[in-house]
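The values are calculated or read from the model by the stated rules, or taken from the named source; none is laboratory data. Every value quoted in this text rests on a predicted model; they were computed, and no experiment measured them. Counting neighbours? That spans all protein chains shown, and the Cβs are built from the backbone with ideal geometry, glycine included. What goes into the accessible areas is simple: the full protein's heavy atoms, side chains included, and nothing from ligands, DNA or RNA. Shrake-Rupley method; radii C 1.70, N 1.55, O 1.52, S 1.80 Å.
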Amino acid sequence: MRRRPPPPPPGSAMSERLGKPTCLIVASAAAAGVSAQSFLHCFTLTSSAFNLQVATPGGKSIDFVDVNESNMRWIQDFRMKSYANPAKLESIDGARYHALLIPNCPGAVTDLANSGYLAKILQHFSTENKPICAVGHGVAALCCATNEDKSWVFQGYSLTGPSVYELIRQPNFASLSIIVEDFVKDSGATFSASKPDAVHVVLDRHLVTGQNENSTLPAVQNLLMLCNVR
């Protein structure tokens, strides 16, 4: 007859929390902001599997864009939580995290795409083959990760991101400092995109990229799958 397992000791919830892997969610602090719906999906999908840490340049609060009736309540509740206050990206040690997630951030092209601090974190993740996931405009954040010889950390990878056909609809298209599709191709990587607004996700080694906001859910699911495989 099998014995029943002993009851969990007091404080086991804390030990479970300590035993969870950690995921760093990097968001833009620029005026163009972070997609409310993409961030909601990123946070809720990963919160059961990871201890989460949100970080922005300077630790500035996030400006959510495209807030609507379906996500407004969640965003309001999120802002009330202590973990809603972002850590400073400048003080983040990438070695402490198991996964990195960048939601759809229209502001990423302004601040994250040329962040030397994020570049160091991405270089560490790439060297250690740790899972990275970037969605939509958040893929522009990967452009900061250049080596000392100016080569791109993700040279030779296959990835997706906003297509020119999606970007051209934006009023600020002419002033964009980085067109992800051009940067990826010019940096020796392979870019693919589906129709505008179509769900399209690319998985190459430890890197997951989603073309747009609609690709957030399957992109994050691939990140979770990568982390379970490890």
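Local charge for Leu112 was computed over the other residues whose Cβ lies under 15 Å away, with Lys and Arg +1 and Asp and Glu -1, and equals 0.
The angle between the Cα long axis of helix 216-229 and the main principal axis of the chain comes to about 50°, on a 0 to 90 degree scale.
Heavy-atom accessible surface of segment 22-229, averaged per residue, reaches 44 Å², computed with a 1.4 Å probe. Rolling a 1.4 angstrom probe over the chain with all protein chains present gives an accessible area of which 52% lies on carbon and sulfur atoms. In this simple spin-label model, placing a label point 7 Å from the Cα along the Cα-to-Cβ direction at both Lys195 and Lys20 gives a separation of 3.8 nm. If the chain linking Asn228 and Ala95 were pulled fully straight, counting 0.36 nm for each residue of separation and taking away their Cα-Cα distance, it would gain 46.0 nm. Which FRET efficiency, nearest 0.05, do Ser177 and Tyr83 yield, Cβ-Cβ r, R0 30 Å? Result of the calculation: an efficiency of 0.45. Note on the chain: helix-only mean residue ellipticity at 222 nm, from DSSP H runs of 4+ residues weighted -39500 (n - 2.57) and normalised by residue number, equals -8000 deg cm²/dmol. Against the empirical curve 2.2 N^0.38 Å, the C-alpha radius of gyration of segment 22-229 lands at a ratio of 0.92. Within segment 152-230, the percentage of alpha carbon pairs spaced more than 22 angstrom apart rounds to 27%. Its Cα centre serving as origin, the chain has a Cβ charge dipole (Lys and Arg +1, Asp and Glu -1) of approximately 1140 debye. If one computes the Cα centroid of segment 21-41 and of segment 85-157, what distance in Å separates the two points? Here the two parts' Cα centres lie 13 Å apart.
Candidates Ile179, Cys133, Leu24 compared by Cα position along the dipole of segment 22-229: farthest toward the positive end lies Leu24, with charges placed on Cβ. As a rough guide to protection, the peptides 153-162, 211-220 ranked by mean Cβ packing within 10 Å, highest first, stand as 211-220, 153-162. Straightening the chain between Asn114 and Asn51 buys 20.0 nm, computed as 0.36 nm per residue apart minus the Cα-Cα spacing.
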